[in-house]
Structures are given as structure tokens and as C-alpha cells.
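Report on the structure given below.
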Amino acid sequence: MFRKSTLGLIVAFSAATAGAAFAQSSAKPATPATPSSSSTMSKQDTTMHKAHAAKSAAVKSAAKPAWTKEQIKTAQVGLAKAGLYKGDTSGVMNAATHKAIRAYQKQNKMPATGRLSDSLLTKLGS
């Protein structure tokens, strides 16, 4: 008798355990957030960063030439003679210099960028 009841308990326990195991195995497994590995991502990020840095450097160098203090001072003196600049002719590009350059460009029917250029410097220096 002891044997039958023990066997019945074992069978019942096994069935319950198997049911729980089946329920766990039928659940969807967790999927990773990204399909690629982190080493691949870091290589891509590094490559993209280098490309962006190179492009930024090219844009900066193309957009703004380095003007010397003497060139800026020449422009400021020329703008002052034209009555458009009233600041200190220190050779430092400041907001007042940009404003005066823009006004000069408008008066002379040039694109009003407010930036110094070779042609503008030549006109202001003469």
C-alpha cells in the first residue's frame, strides 16, 4: 500500500514539474536589443566619428580663412574712414567689425555676409 501511494505521488509530482517546465519552455525567449555585437558597433562608431571630424575640419577651413591682426586692422581702418566703424582698430574681429562689414557690403551692392574676404580687404585697403 505504501508503495502504491508513493508511486502515485511521484507520478503526480513529475506531471506537475513537467507542466511547469513546458510552460517555461513555451514562453518567448528574450531577444537582444541589437542584432550586432558591441565590437562591431564600436568600430562603426569610430569610423563614423573619424569621417565626421574630417568633414568638420574641411568645412571649417573652407568657410573661414585665418585673417591676421594686420589684415583685420586694415579692414577696421578702412571701415572707419567710410564712417561705418567706430570701435577700436585693434585688429580683433568683433561684433562691431562684422556689423560694419555688413553695412559696407550693402552700400556697395555686395552679398551682405558680414565676413571679411580678399576682395573686400582690397577695396578697404585702397
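The values are calculated or read from the model by the stated rules, or taken from the named source; none is laboratory data. Keep in mind it's a predicted model, so treat the numbers as computed, not measured. With ideal geometry, Cβ positions are generated from the backbone for all residues, glycine too; neighbour counts draw on all protein chains shown.
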| Pair list, Cβ < 7 Å and 6+ apart or interchain, from segment 75-101 residues that are touching a residue at least 60 places away in the same chain (Cβ under 8 Å) and under 15 Å from residue 123 (Cα atoms) to residues that are part of a helix (DSSP H, G or I) and of a type in the set (A, V, I, L, M) | none
| said: Against the condition among the small types (Gly, Ala, Ser) and more than 21 Å from residue 66 (Cβ to Cβ), how does residue 83 come out, does it pass? | reply: yes
| Taking segment 64-74 only, how many residues are farther than 12 Å from residue 124 by Cα and not aliphatic (A, V, I, L, M)? | 6
| field | Scope segment 114-126; condition assigned to a helix (DSSP H, G or I) and hydrophobic (A, V, I, L, M, F, W, C); matching residues | value | 120, 121, 124
| message | Against the definition (out of contact with any Phe, Trp or Tyr (no Cβ under 9 Å at 6 or more places or on another chain) and at pLDDT below 90), how does residue 58 come out, yes or no? | response | yes
| Residues of segment 80-113 being aromatic (Phe, Trp, Tyr) and part of a helix (DSSP H, G or I), which ones? | 104
